[in-house]
Amino acid sequence: MVSKLRKKENKKLAHEQMTKRNKKVSAKRELHGLKAPAPGTDFSHIKNAAKRREMVDLMRQEKKKNRAKARRDKKEAEARGEEVIRPEPRTIEKMREPDETILPPDDSEVEDDEALDEFDSYFSSGKTPKILVTTQRKPSRKLFDFLKELVCVVPNTFYYPRQDFAFKKICAAAAKRGFTDILLFTEKAKVIQGMYICHLPKGPTSYWRITRLKLGQEIMRGATCNASHNPELILNNFITRLGRRLGRQLAALFPQKPDFVGRRTVTFHNQRDFVFFRHYRYNFKDDGTKCKLQEIGPRFTMKCRYVQHGTFDAKEGEYEYIWRPDAQVTGSASSSEGARQPALRQRPLLVVRRSAEGPSPSLARGRRAGPSAALSSRVGLTRNSSTPCSCSARPALLGSRLAVEAA
């Protein structure tokens, strides 16, 4: 706590010194009638590093002043009733290349497939999930602090110590006792690393890398909540085939009948294949016109590393999706304007061979098929096949579609 206060004081002191120095330099230039350098001026001819840094700071200040003046002029023009054309903000999401695998919200084919998947009973008949939470062997205190808050976030959750049982045996025992999902958390050097989500009794199993974890007790001005109220669930940008499948797996962890009295919200926001988890409580003002959010916590970021068909099986599991670093960029290293666009188009991740007898032996052993495979499937949160490899109930239909795509 002392180090944080000291850093804050040092940062404030450095900002005050920089402001004082810039004012002194500006006053000297005004005294001699020198104008501020225009944005884009090159100062490489100035050999003195300190003087060159002063000129760069002056140029940045002038650029900020010009932008602020332009914003004020636009607001004044709008107040006078004039038409002001505002350019569309340029974000990474809007720079995404057109992708034919992004699905419309009312795709009848996808809805028919989802009506036959493993999660349909939770959305159609309102089945209540029952979740078993466990950890790796010899968990640390940090992991227990996280689980204390997670049990309050996800309703109907029960913690069982891992002891010395294998994960595969835990899945079989939990399915017999009526559990619908298993959450297993791993850590390395007392830092939480990942989370396994195993849907029972027939899968799928997904592994998520967890980063940027911040507990509710570490959030300043954090709110509290009543854990007995079921939260409202919000899922954003799960718009591809695999994205919708993973979104349904995450949604199946929560009851589909929220208690609006609790005013509690759980959000999974997908952006560039990173899923941001947030836990909020909202408050309406007395007049009911505005709403204020209070974060409860915890907060963390997830990234899906692989999806496995069926329950967890490290030796003979069949993988639906495996993340690869080289699948995050386009074929060209840069766009037409010279700026690199990350996570826009994915390359083929898995090569799948299907026959009348089932998947290929290499895929059944949990390995990638060789280059002689006939069919390729591109899957991912930002780019994936329009026909997933996960639905084994219709192998003939899948095979015909994949064969057409390969042809």
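Read-outs throughout are calculated quantities, based only on the coordinates presented, and are distinct from any laboratory measurement. Just so you know, these numbers come straight off a predicted model, no measurement behind them. Here the Cβ is made from the backbone with ideal geometry for all residues, glycine too, and neighbour counts use every protein chain on show.
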| query | Where nothing but the Cβ of Lys and Arg (+1) and of Asp and Glu (-1) is charged, how large is the charge dipole of the stretch 1-101 around its Cα centre, in debye to the nearest 20? | reply | 1060 debye
| note | Counting only backbone N atoms under 19 Å from a point 7 Å out along Cα-to-Cβ of D57, the residues of the stretch 1-31 in range are 9-31
| Debye, to nearest 20: dipole size of the stretch 281-321, +1 on Lys, Arg Cβ, -1 on Asp, Glu Cβ | 380 debye
| If R0 is 22 Å, what FRET efficiency do you get for Y282 and T211 from their C-beta distance, rounded to 0.05? | 0.25
| By the gyration tensor of its Cα atoms, with a ≥ b ≥ c the square roots of the eigenvalues, what is the shape of the stretch 207-275: rounded for a/c under 1.5, prolate for a/b over b/c, or oblate? | oblate
| query | Relative to the present Cα-Cα distance, how much length would full extension add between K130 and D107 at 0.36 nm per residue of separation? | reply | 5.3 nm
| query | When the Karplus curve 6.51 cos²θ - 1.76 cosθ + 1.60 is applied with θ = phi - 60°, which whole-Hz ³J(HN,Hα) does each residue of the stretch 246-260 get, with x for Gly and Pro? | reply | 5, x, 5, 5, 5, 5, 6, 7, 10, x, 8, 10, x, 9, 6
| Which value, in debye to the nearest 20, describes the size of the charge dipole of the stretch 226-310 about its Cα centre when Lys and Arg Cβ atoms bear +1, Asp and Glu Cβ atoms bear -1, and nothing else is charged? | 320 debye
| message | Ranking request for peptides 237-248, 265-276, 82-93: highest mean number of other beta-carbon atoms within 10 Å first, then the rest in descending order. | response | 237-248, 265-276, 82-93
| How long is the gain from K148 to I46 if the chain were fully straight, where each residue apart is worth 0.36 nm and the alpha carbon distance is subtracted? | 30.9 nm
| For L31 and R72 in one chain, what is 0.36 nm times their gap in residues minus the Cα-Cα distance, to one decimal in nm? | 12.0 nm
| query | What residues qualify as long-range amide H neighbours of Y321, i.e. H under 5 Å apart, gap of 5 or more or another chain, H built at 1.01 Å from N? | reply | V307
| note | With a ≥ b ≥ c from the Cα gyration tensor eigenvalues, square-rooted, and the rule rounded for a/c under 1.5, otherwise prolate when a/b > b/c and oblate otherwise, the stretch 190-323 is prolate
| task | Starting at the first residue of the stretch 291-305, write each ³J(HN,Hα) from the Karplus equation 6.51 cos²θ - 1.76 cosθ + 1.60 with θ = phi - 60°, in whole Hz, x for Gly and Pro. | result | 10, 10, 9, 10, 7, 9, x, x, 10, 6, 10, 10, 9, 6, 9
| message | Once each part is reduced to its C-alpha centroid, what is the distance from the stretch 258-309 to the stretch 62-99 in angstrom? | response | 29 Å
| task | State the answer as a single residue: which of V25, I92, I102 lies farthest towards the positive end of the charge dipole of the stretch 23-110, with beta carbon charges of +1 for Lys and Arg and -1 for Asp and Glu, about the Cα centre. | result | V25
| note | For the stretch 102-112, in residue order, the Karplus 3J(HN,Hα) values (coefficients 6.51, -1.76, 1.60; θ = phi - 60°; whole Hz; Gly and Pro = x) are 6, 8, x, x, 10, 6, 5, 5, 5, 5, 5
| query | Among rounded, prolate and oblate, which fits the stretch 139-220 when a ≥ b ≥ c are the square roots of the eigenvalues of its C-alpha gyration tensor, a/c under 1.5 means rounded, and a/b larger than b/c means prolate? | reply | prolate
| query | V133's amide H: which non-local residues (gap 5+, or another chain) put their own amide H closer than 5 Å, with H modeled 1.01 Å from N in plane and none for Pro or chain starts? | reply | F158, Y159, Y160, L183
